[in-house]
Amino acid sequence: MHRPASISLMYEFSGQCNQRCLFCYNSWKSPAQKPKKELSTKHAKELLAKAIDESGCRALSLSGGEPLARKDVFEIISFAKKRGVRVSLVTNGTLLTGEAIDRCMESGVDLFQISLLSEQRELHNRLVGMDGFDRAIEAILGIKSRKGNVCTFFVGLSDNIATFRKTLELNVLLGVGSVALGRFTPGGAGLQAWERFMPSPEALDDALEAAEELSGKYPISVSVATPVLPCLNDLSRFPRVRFSFCSIGNPEHTLFGIDPEGNLKACSHSPFILGSLLTESFRELSSHAFVRGLSETVPVFCADCPDLPVCRGGCRSSAHVTRESFEAEDPYLSLYKSIAKKPVSPSFGRAAEASV
């Protein structure tokens, strides 16, 4: 495999979380998995130094679990910034008190990404398994008042996708300038009943229509952070929305995941361990046969599709985790294949972005 033009890393810094999201894709939230151990501060720094230097990474996301569950998160942020990378903090926002926001900004956080799953307090709280809505809103307002950079992340589920328009309007009122829409991808706690959580193509169309309309009326942009397949949704109808696709093996940009124990993964959604970055080189692990299998094997249904070079068959990790096969279809496609319509000619007039 050739080295991508750019590489980003998603470090699942903590296996702890104060939420109990019904749809959580973290592999250790699966009943068959044990909780992940965490590296000490010293070993976490050693890991990051090695990973950043060997990969040439210039963008690092700290996630979890909940990264703020660890008291040394500010020290780790500061350390990463000194290595010359852009740092994003992926958080549910419930632990972002005013003091925590100040310390994050002093440490060098470039972007706060906060989960906001509905404008309805009760629905958001039910999906995350705790009373987190008000604290998330307070965190967003606290970051904005300190001139910090904040975006929100909306996981599109069958339960909440109908509220996306109103949630976008709430983001406008809060002064948030960027929202990421992530279609549900099975894994972890959400794997066993994934069909129940998957939104329909019609519901996603409604959400994308809201994104197209509201981003034209207000100073807010919407990106789609997980693949929406053009055989199920006509993406050309939404020119203002920025779509991204699977980054595994993408020659332009690849996003690798690192679990709490320091193991490299093909992406943050994949439970498959390529090996330990503490003892093996990034180059060796990123060339693992598993990565080649995911990136070079496509479902039979997708093989003759003119959009394959861009769409790449959807989310390869969620396909593999649901069927344990490189040839498996994205579960979004497998669930709704009866209404899928492959385009006659390519839908994309320009290169699409890899997932970030």
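No lab work stands behind these numbers, since they all come straight from the coordinates. Remember, it's a predicted structure, so these values are computed and weren't measured experimentally. Note that we place each Cβ from the backbone using ideal geometry, even for glycine, and neighbour counts take in every protein chain shown.
Model label sites at E209 and I273, defined 7 Å from Cα along the beta-carbon direction, differ in position by 4.7 nm.
Reported to the nearest whole Å, the Cα centre-to-centre distance from region 1-76 to region 93-120 is 17.
Calculated from the structure, Cα extents along the principal axes in Å equals which of (1) 53, 47, 38; (2) 62, 43, 38; (3) 58, 50, 44? Computed from the coordinates, Cα extents along the principal axes in Å corresponds to (1). What the Cβ-Cβ distance of L173 and S236 gives, at R0 = 35 Å and to the nearest 0.05, is a FRET efficiency of 0.70. Rounded, prolate or oblate: which one fits region 1-102, using the alpha carbon gyration tensor with axes a ≥ b ≥ c (rounded when a/c is under 1.5, else prolate when a/b beats b/c, else oblate)? Oblate, since a/c reaches 1.5 and b/c is not below a/b. Pairs of Cα atoms nearer than 8 Å and 6+ residues apart set the relative contact order; for the chain it is 19 percent. Legend: calculated FRET efficiency, S325 to R3, from the Cβ-Cβ distance at R0 = 25 Å, rounded to 0.05, equals 0.40. Could you tell me which of rounded, prolate or oblate describes region 122-274, using a ≥ b ≥ c as the square roots of the eigenvalues of the alpha-carbon gyration tensor, with rounded for a/c under 1.5 and, failing that, prolate when a/b is larger than b/c and oblate otherwise? Since a/c stays below 1.5, the shape of region 122-274 is classed as rounded. Within the straight-line cut-off of under 30 Å between alpha carbons, the lysines reachable from K71 are K29, K34, K36, K37, K42, K45, K50, K81, K82, K144, K147, K265, sequence neighbours fewer than 8 places apart in one chain being disregarded. Placing a label point 7 Å from the Cα of R121 along the Cα-to-Cβ line, the residues of region 72-108 whose backbone N sits under 20 Å from it are 92-98.
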